[in-house]
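K.L.:
There's a structure below that I have some questions on.
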């Protein structure tokens, strides 16, 4: 990965990154929850992704009241991953925290997570989630029941502490030392980054209290309605994580968990789609795509992922495609496919549905 450089670390303990896009309704409340933290020695990096509402004016007004806030502005809309990357590269703190611009954090969140990180020398400290409605009413509180210290199974960790990037305090060097940035995706960029960063963490600790307050799918948010973009970006995120685990020599330890998580992700999006307010024709179209992706990856995914790029291009001819699928069928017959290991009636997907 080339073409980027992280800012030098200074004495600041924590950098808080706030990616922003058209968040005028909740942005000031979000920023106030950050600047009123019991730990004062923080920086707040706001990254506006070319909003067309009053978000920038709100940030500028807050900067006038608190010099710990800075603003980075994108000249074009580049997506949530790019906004977080701008914050990551500019951050000067030893630890990182990301807060979505329509969310809130408890007044002692930074203090509690930073204290836990100091006590256990953790690379990552996660906390529970408080899910609220658009008008601030609590929907559900999700606590973390166990502390998976030194766990090498990335998906066991995700099951325990949720796949959200935001409910975690991250040691900055995980990203700078391993050149981990958010991918160029509109959806699932947090999962793709969280999974890779957790794979490089040595010690992970938890604070079980729900200190991060997540506003559940506001109407204009990117995650508020299912679409073809959701489907394709989630699959791209899984391919990215799979390739990373393979390169880092972590694939075999995480293979079963990865395949179960992928299957559950497709099921989760199918459930959302079935309940969505879209036409039956559109639901049918998306469900066919989802089922094709799920079955195709579970049966042929490893053959496709391990295929040389040149052969991958050739596979789009009829004969090449048949050859590639035959390879997957051989792997399936030899017992190397997930079909021998994956229980479709399992409940591994609960952690996906809780975010």
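K.L.:
Quick check on residue 211: is it at pLDDT 90 or above, assigned by TED's automatic domain parsing to the domain that holds residue 31 and either in a loop (DSSP other than H, G, I, E, B) or surrounded by 19 or more Cβ atoms within 10 Å (Cβ to Cβ) (or both)?
P.N.:
When the stated conditions are applied, residue 211 passes them.
K.L.:
Further, regarding this structure: Residue 108 - would you say it is modelled with pLDDT of 95 or more, in the same structural domain as residue 168 (by TED's automatic domain parsing) and crowded, with 23+ Cβ neighbours inside 10 Å?
P.N.:
no
K.L.:
Quick one: which of 227, 306, 221 is touching a helix residue (DSSP H, G or I) at 6+ places or on another chain (Cβ under 9 Å), modelled with pLDDT under 90 and closer than 19 Å to residue 81 by Cβ?
P.N.:
227
K.L.:
So how many residues does segment 77-89 have that are within 14 Å of the chain's Cα centre (by Cα) and not in a loop (DSSP other than H, G, I, E, B)?
P.N.:
Number of matching residues: 6.
K.L.:
With respect to residue 92, determine if the residue is in a loop (DSSP other than H, G, I, E, B), surrounded by fewer than 21 Cβ atoms within 10 Å (Cβ to Cβ), in contact (Cβ under 8 Å) with a residue 60 or more places away in the chain and out of contact with any helix residue (DSSP H, G or I) (no Cβ under 6 Å at 6 or more places or on another chain).
P.N.:
In short, yes.
K.L.:
Determine the pairs where a residue that is outside the structural domain of residue 303 (by TED's automatic domain parsing), located within segment 240-259, has a partner that is crowded, with 18+ Cβ neighbours inside 10 Å and in a helix (DSSP H, G or I) with Cβ atoms under 7 Å apart, the partner being 6 or more residues away or on another chain.
P.N.:
none
K.L.:
Please specify each residue of segment 133-178 satisfying the condition of being at pLDDT 90 or above, surrounded by 13 or more Cβ atoms within 10 Å (Cβ to Cβ) and assigned to a loop (DSSP other than H, G, I, E, B).
P.N.:
Selection gives 143, 164, 165, 166, 167, 172.
Quick grid of which residues meet (1) under 27 Å from the mean Cα position of the chain (by Cα); (2) modelled with pLDDT under 85:
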site: 248; (1), (2): yes, no
site: 269; (1), (2): yes, yes
site: 296; (1), (2): yes, yes
site: 316; (1), (2): no, yes
site: 327; (1), (2): no, yes
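K.L.:
Going by what's in this entry, would residue 53 be described as more than 22 Å from residue 169 (Cα to Cα) and in contact with a strand residue (DSSP E or B) (Cβ under 8 Å, 6 or more places away or on another chain)?
P.N.:
No: the conditions fail for residue 53.
K.L.:
Does residue 181 satisfy the criteria of being in contact with a helix residue (DSSP H, G or I) (Cβ under 6 Å, 6 or more places away or on another chain), in contact (Cβ under 8 Å) with a residue 40 or more places away in the chain and in a loop (DSSP other than H, G, I, E, B)?
P.N.:
Yes: the conditions hold for residue 181.
K.L.:
While we're on this one: What tally of residues in segment 96-132 results from selecting those that are part of a strand (DSSP E or B) and over 15 Å from residue 194 (Cα atoms)?
P.N.:
7
The values are calculated or read from the model by the stated rules, or taken from the named source; none is laboratory data. Treat the numbers as computed from the prediction; the structure is a model and nothing was measured. For neighbour counting, all protein chains shown are included, and Cβ atoms are generated from backbone atoms with ideal geometry for every residue, glycine included.
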